[in-house]
1. Can you list the HN-Hα couplings for segment 30-42, worked out from phi with the Karplus curve (6.51, -1.76, 1.60; θ = phi - 60°), rounded to whole Hz and with x for Gly and Pro?
2. Among K79, K94, K18, which one shows the biggest mean-square fluctuation in a GNM of the chain, springs joining Cα atoms closer than 10 Å?
3. Run the dipole for the chain about the Cα centre, Lys and Arg Cβ at +1, Asp and Glu Cβ at -1, nothing else charged, and hand back the magnitude in debye, nearest 20.
4. Beyond 28 Å between alpha-carbons counts as too far, so tell me which of K4/K103; K53/K100; K18/K103; K4/K53; K12/K94; K12/K89 fall in that bin.
5. Once the dipole of the chain is set up with Lys and Arg at +1 and Asp and Glu at -1 on Cβ about the Cα centre, which of Q24, Y99, H82 lies farthest towards its positive end?
6. Which FRET efficiency value, to the nearest 0.05, is calculated for E75 and K18 with the Förster distance at 22 angstrom and r the Cβ-Cβ distance?
7. How many nm separate the modelled label positions at A104 and I85, each set 7 Å beyond the Cα in the direction of the Cβ?
8. Going by how many other beta carbons lie within 10 Å of each one, how would you line up L65, L77, fewest first?
Amino acid sequence: MDIKKELGQKIKRIRQNKGITQEQLAEMTGISTRTLGGIEIGENFMTAQTMEKIIECLNISINDLFTAEHLRPTEELIKEIHAVINSHKNDRIKIEEIYKVIKAIATI
């Protein structure tokens, strides 16, 4: 996959997770919906200025945009979650907090 497609998919996923429509983000950034659509599917590459506006409007950092944590295999993520839980298994309060977070996310 090329960088245009990866960045476009990440922008689209973040936008959708925040409940922002393509039209809304386009208006907020001052670009056309068609241009934003092209960015999201990897046809268009955004200028640095447009990237800055998108980052600002989505209220994310540049690191959020370029981090590829989501590309790690599911099994690896599950192992890491288990490791975090196991590292706190003797701390009832932390385990309860982890449980609350997982439960809240699972109900979304």
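What follows draws every value from the coordinates through simple rules; no lab data is involved. Everything numeric here is computed off the predicted structure, so don't read it as measured data. Backbone-built Cβ (ideal geometry, glycine too); neighbour counts: all protein chains shown.
1. The phi angles translate into x, 10, 6, 4, 4, 5, 4, x, x, 5, 5, 9, x Hz.
2. In this elastic network of the chain, the residue with the biggest mean-square fluctuation among K79, K94, K18 is K94.
3. 280 debye
4. K4/K103; K53/K100; K12/K94; K12/K89
5. Going by the charge dipole, the pick is Y99.
6. 0.20
7. If labels sit at A104 and I85, their model points lie 1.8 nm apart.
8. Fewest to most other Cβ atoms nearby, the residues stand as L77, L65.
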